[in-house]
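Visitor: Below is one structure. I have some questions about it.
The values are calculated or read from the model by the stated rules, or taken from the named source; none is laboratory data. What you see is a predicted model, and the numbers here were worked out from it, not measured in a lab. Cβ atoms come from the backbone with ideal geometry, glycine included; neighbour counts cover every protein chain shown. Please note that ligands, DNA and RNA were not included when accessible areas were found on the heavy atoms of the full protein model with its side chains. Shrake-Rupley method; radii C 1.70, N 1.55, O 1.52, S 1.80 Å.
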Amino acid sequence: MKLKEHIAAGAFHSSAERTDAPKCHPETRVAVQDEVVSWICHGDSDDVPKEIMWVTGPAGSGKTAIMGSVADTCEGKGTLGATHFFSSFSASVDRRSKRYLVPTLAYQFVRHKAMTQVADRILSAVEDNPAIFEQNLQVQFDQLILEPLRACRDRPLLPEWPKVILIDGLDECEADQYHDTTRSDLSPRSKEDDQIEILSVLKKAASDPDFPFRIVIASRPEHCIKHFFTDVANSVTRELFLDEKYDPDADMELFLESKFTIIRRQCRLPSSWPREDVRRALIANASGQFIYVATVGRFMAESTGDPDQLLNQVLQLPGSKTIGNPLAPLDALYTHILSSSPDSHLSILWLNLMFRERFLDPAFNGGLPAAFVRLFLESYSGQASHAFRNLNSLVFIPSVEADNSSYGLYHKSLVDFLQEGSRSGNLYVESKAVLELLVDRYLHLWKGRGPERSLTPKEQKIFYQGFFSVIILTVFSTDSRIGLDEIILSCDVAWWVQYYLQENGPDGIGTLETIKNLFMIVHQMVSVIV
C-alpha cells in the first residue's frame with residue numbers, strides 16, 4: 001500500500017514505540033478524562049457547541065498521559081477515529097514532522113472497520129495522485145480526507161462511525177526545511193510556522209459541514225499556539241487548562257500512596273509511613289506537576305538506602321513556598337539526582353549529546369542501541385555504567401546484555417532543565433562543549449577505525465551500523481575545533497569505504513550516499529583547513 005510508506009506508525013497511540021509511554025495511574029485524572037470523553041460523545045448538546053478542544057498546561061502536568069488514557073477509552077467505546085502523538089525527541093524523525101500527519105490520519109481511517117466506503121476513496125486518491133505526499137498540508141488534507149468524506153456524504157453515517165481525532169504534543173512538531181539552510185539570504189522555516197500551518201488546516205476542517213469528527217489537541221501553552229486558539233480559532237475552540245479545578249493534588253496523593261505501599265511492603269514499614277505532613281509537603285512542592293511526584297516515586301524506588309533518609313533528602317531541597325517559583329522544586333530535585341552521579345559533569349555532557357544526536361528515545365524503542373552508544377562514548381569499558389550510576393530515576397538505562405534496547409529519558413522536562421542555564425545553574429553545559437565532544441569522539445573513532453578494545457562479531461555489527469548512520473557533515477564546517485589538519489589527514493577514508501562495501505556490497509541500501517558523505521567530510525575539512 002503506497003499510503004503506508006508515508007505514515008508515522010510510531011505516532012499511533014497503540015504503537016510499539018509508545019509501549020512505555022505514560023498513562024494515567026488508576027483512579028487518577030478521572031475528572032479530566034471524563035470531561036474530555038463527555039465532550040467527545042455529547043458536545044453537540046452544549047449551549048455553544050465547539051468542534052475543537054485544546055488540552056493545555058505546563059510541562060509535567062500530565063497532558064500526554066491523559067491523551068493516552070483518553071485514546072484507550074475512546075477505542076473501547078468505538079469512538080476513536082485516529083491519533084497522532086508528536087514527539088520531539090523520538091529517534092523516529094516522522095514523529096517530529098508535519099509531513100506525516102495527514103497520511104497517518106488517513107491510514108487509520110482506511111484501517112477502520114466502520115469506514116470502508118471512505119477507505120476506498122482514500123486509496124483511489126493516492127492512486128490518482130501518487131505525488132500527493134509532496135504537496136502542501138492543505139492539499140493533502142483536502143484530497144486524502146475531506147474529499148473522500150464528501151464523496152460519502154449522501155450515505156448515512158453508521159452508528160459505529162468514530163467521533164474523534166486526537167493529536168498530542170503539537171508543540172513538539174519541528175520545522176521542515178525546503179531549501180538550502182546554509183544560504184544566508186533565506187530565512188529558515190520555524191517550528192512555529194509548521195505548527196500554525198497544522199492548526200490552520202485543522203480549523204478549516206472543523207468548520208467544514210462534511211467533516212464529522214471532533215478534534216482534541218494537546219500541547220503546552222506556547223505563545224504561537226495560545227495566540228491561534230485565542231485570536232484565530234476562538235469560535236470553534238474549547239480550552240481545557242490543567243489547573244487546580246481538576247484537583248491534581250488528590251490524584252497525586254493516590255499516586256504517591258501506591259508507590260509508598262510498595263516501599264512499605266519491601267522494607268516492612270508501618271502503615272503510617274510516611275507521616276501525613278511529609279505527604280502534604282511533597283504534594284505542595286509538585287505545584288500541580290505530576291512529573292515531580294513521578295520522579296520522587298522513581299527516586300525512592302531506584303535508590304538504595306534507608307527510605308526515611310531518601311525522603312529527607314527530597315524534603316530538604318528548596319520548596320515552591322519558599323522560592324515562589326513552581327518549577328523550583330522540580331529543578332532542585334533534578335539537580336540533586338544529577339549531582340549524585342560519580343561524574344556529574346560527564347554524565348550531563350553525555351545526556352546533552354545523546355539528546356542532540358537522537359541517541360536516546362523516551363519510548364525506549366526508537367533510539368540507537370545502547371551498545372552502540374556505549375561504544376561511541378566510552379573511553380574505557382564500563383565508563384557509562386559509572387557515569388550514569390544513581391541516575392535511574394531520570395534515565396532508562398538498559399542492562400549491558402540488552403544490546404538492542406535504547407537509553408531513554410522518562411520526561412522531556414529534563415531536557416528543558418538541562419538546556420536552560422537559568423534553571424540548571426552550575427550544571428548547565430554550553431552547546432559548544434557538547435559539539436566539541438561529539439567531534440572529538442567521532443574523529444577519534446574514525447582515526448582509530450573504531451573503538452580501542454577488540455569487539456565481538458555482534459558488537460562489530462552494532463557499532464559500525466550505528467557509526468555509518470550518524471555520519472556528521474555540518475559539524476565539520478564549524479569553527480568548534482581548531483588545528484584538525486593532522487587528524488583529518490590521518491583518517492583512512494579508503495579503509496572505511498572498503499569496510500562499508502564489504503559489509504553492505506556495492507548495491508547495499510545507502511552505499512553510494514554513505515561513501516559520498518565520507519569523502520565530503522574530508523573535502524569540507526580540507527576546505528576549512530586551507
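Visitor: Could you tell me whether any residue of region 292-304 is within 30 Å of Ile196 (Cα to Cα), in contact (Cβ under 8 Å) with a residue 12 or more places away in the chain and either outside any loop (DSSP other than H, G, I, E, B) or open to solvent by less than 50 Å² (accessible area, probe 1.4 Å) (or both)?
Guide: no
Visitor: Next question, about the same structure. State which residue is surrounded by the fewest Cβ atoms within 10 Å (Cβ to Cβ) when the search covers only region 8-34 and only residues that are charged (D, E, K, R), touching a residue at least 60 places away in the same chain (Cβ under 8 Å) and over 28 Å from Lys98 (Cβ atoms).
Guide: The qualifying residue surrounded by the fewest Cβ atoms within 10 Å (Cβ to Cβ) is Glu27.
Visitor: Let me ask you something else. Does Pro270 count as part of a loop (DSSP other than H, G, I, E, B), open to solvent by 20 Å² or more (accessible area, probe 1.4 Å) and over 20 Å from Pro221 (Cα atoms)?
Guide: In short, yes.
Visitor: Looking at Ala71, Ala82 in this structure, which one is among the aliphatic types (A, V, I, L, M), farther than 24 Å from Glu192 by Cα, modelled with pLDDT of 90 or more and under 22 Å from the mean Cα position of the chain (by Cα)?
Guide: Among Ala71, Ala82, only Ala71 is among the aliphatic types (A, V, I, L, M), farther than 24 Å from Glu192 by Cα, modelled with pLDDT of 90 or more and under 22 Å from the mean Cα position of the chain (by Cα).
Visitor: Which helices (runs of 4 or more DSSP H) sit wholly inside region 381-458 and have at least 1 residues that are over 25 Å from Gly305 (Cβ atoms)?
Guide: It comes to 413-419, 421-424, 431-447.
Visitor: Does Ile217 meet the test of being at pLDDT 95 or above, farther than 18 Å from His25 by Cα and not in a helix (DSSP H, G or I)?
Guide: It is true that Ile217 is at pLDDT 95 or above, farther than 18 Å from His25 by Cα and not in a helix (DSSP H, G or I).
Visitor: Check off (1) under 20 Å from Gly62 (Cα atoms); (2) at pLDDT 95 or above for Ala284 and give me the number that stays unchecked.
Guide: Failed condition: (2).
Visitor: Right, next: Kindly provide the set of residues from region 230-262 that are outside any loop (DSSP other than H, G, I, E, B), open to solvent by 10 Å² or more (accessible area, probe 1.4 Å) and either at positive phi or among the aromatic types (Phe, Trp, Tyr) (or both), ordered by number.
Guide: Within region 230-262, Phe241, Tyr246, Phe255 qualify.
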